[in-house]
Amino acid sequence: MNAAVVRNAETAASIAGLLLDLGAIRLRPEEPFTWASGWKSPIYCDNRLLLSSPEARRMVRDALAAQCRESFPWAACVAGVATAGIAHGLLVAEALDLPFVYVRAQAKAHGMGNRIEGKLAPGTATLVVEDLVSTGGSSLQAVEALRDAGAEVLGLSAIFTYGFAKANEAFSLASCPWFALCDYPHLLKEAVKRGQISAEVQDSLQVWRSDPAGWQG
């Protein structure tokens with residue numbers, strides 16, 4: 001199975017510019033962020049900021065919907081991954097005029113104890129929408145939950161991915177095709193083009209992606 005691909009370089013550049021303009025992605029190699037995993041990172045992504053801009057969320061919605069029509073034209077339902085993927089998934093479902101469900105990180109502790117919220121019949125061809133893919137762990141847990149519920153998961157669509165080898169391997173093992181509108185290399189290229197980082201800094205930031213656990217800045 002192919003690794004995740006950015007299928008349109010022009011779209012990737014536009015999305016990269018959008019993420020940088022809104023501050024949804026911040027590059028800070030001189031003062032690295034610390035992720036929940038403990039990894040030091042020169043980049044931080046918060047795609048929730050896209051939702052606060054009508055123009056930005058429409059642009060992302062339309063790009064995701066176009067890619068979904070091209071890659072999974074037979075999708076009969078869209079599933080958002082909690083929490084950040086819910087809003088973007090709903091926007092895509094609305095654009096495609098499809099039913100929508102969302103997948104909780106874990107089953108609800110009370111009431112019906114649902115893991116999947118919304119009506120999803122067994123065998124439904126389902127497209128998963130995620131805002132960000134890092135290692136792929138949480139995204140694939142949602143895929144597994146949908147499959148356990150009887151859905152036919154066609155694949156996953158994300159706004160942005162770091163493109164870690166670990167994620168590519170995980171999706172391949174799960175037999176889940178996936179794509180992203182933009183990835184780390186396209187983002188760095190756009191940042192250099194805008195003068196936000198130098199070519200030398202770009203080279204050092206590429207090293208981070210190859211060994212994020214060991215990178216110290």
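Quick notes on this structure:
- If the condition is being surrounded by fewer than 16 Cβ atoms within 10 Å (Cβ to Cβ), in contact (Cβ under 8 Å) with a residue 60 or more places away in the chain and not in a loop (DSSP other than H, G, I, E, B), then segment 7-24 contributes only ALA9.
- Candidates in segment 34-49 are the residues that are surrounded by 15 or more Cβ atoms within 10 Å (Cβ to Cβ) and assigned to a strand (DSSP E or B); of these, the one that is modelled with the lowest pLDDT is LYS40.
- Of everything in segment 62-111 that is among the hydroxyl-bearing types (Ser, Thr, Tyr) and touching a strand residue (DSSP E or B) at 6+ places or on another chain (Cβ under 8 Å), the residue that is modelled with the highest pLDDT is TYR102.
- Restricting segment 180-217 to residues that are in a loop (DSSP other than H, G, I, E, B) and of a type in the set (Gly, Ala, Ser), the residue that is surrounded by the fewest Cβ atoms within 10 Å (Cβ to Cβ): GLY195
- Subset of segment 65-76 [outside any loop (DSSP other than H, G, I, E, B) and either β-branched (Val, Ile, Thr) or crowded, with 19+ Cβ neighbours inside 10 Å (or both)]: ALA65, GLN67, CYS68
- SER172 meets the stated requirement of being surrounded by fewer than 18 Cβ atoms within 10 Å (Cβ to Cβ) and under 23 Å from HIS186 (Cα atoms).
- Exactly one residue out of ALA79, ALA84 is surrounded by fewer than 22 Cβ atoms within 10 Å (Cβ to Cβ) and closer than 29 Å to ASP148 by Cα: that is ALA84.
- Cβ separations smaller than 7 Å between residues 6+ apart or across chains give the following pairs from segment 171-195 residues that are on the phi > 0 side of the Ramachandran plot and modelled with pLDDT of 95 or more to residues that are surrounded by fewer than 18 Cβ atoms within 10 Å (Cβ to Cβ) and part of a loop (DSSP other than H, G, I, E, B): SER175/MET1.
The values are calculated or read from the model by the stated rules, or taken from the named source; none is laboratory data. What you are looking at is a predicted structure, and each value in this text was computed from that prediction instead of being measured. We place every Cβ from the backbone using ideal geometry, glycine too, and count neighbours over all the protein chains shown.
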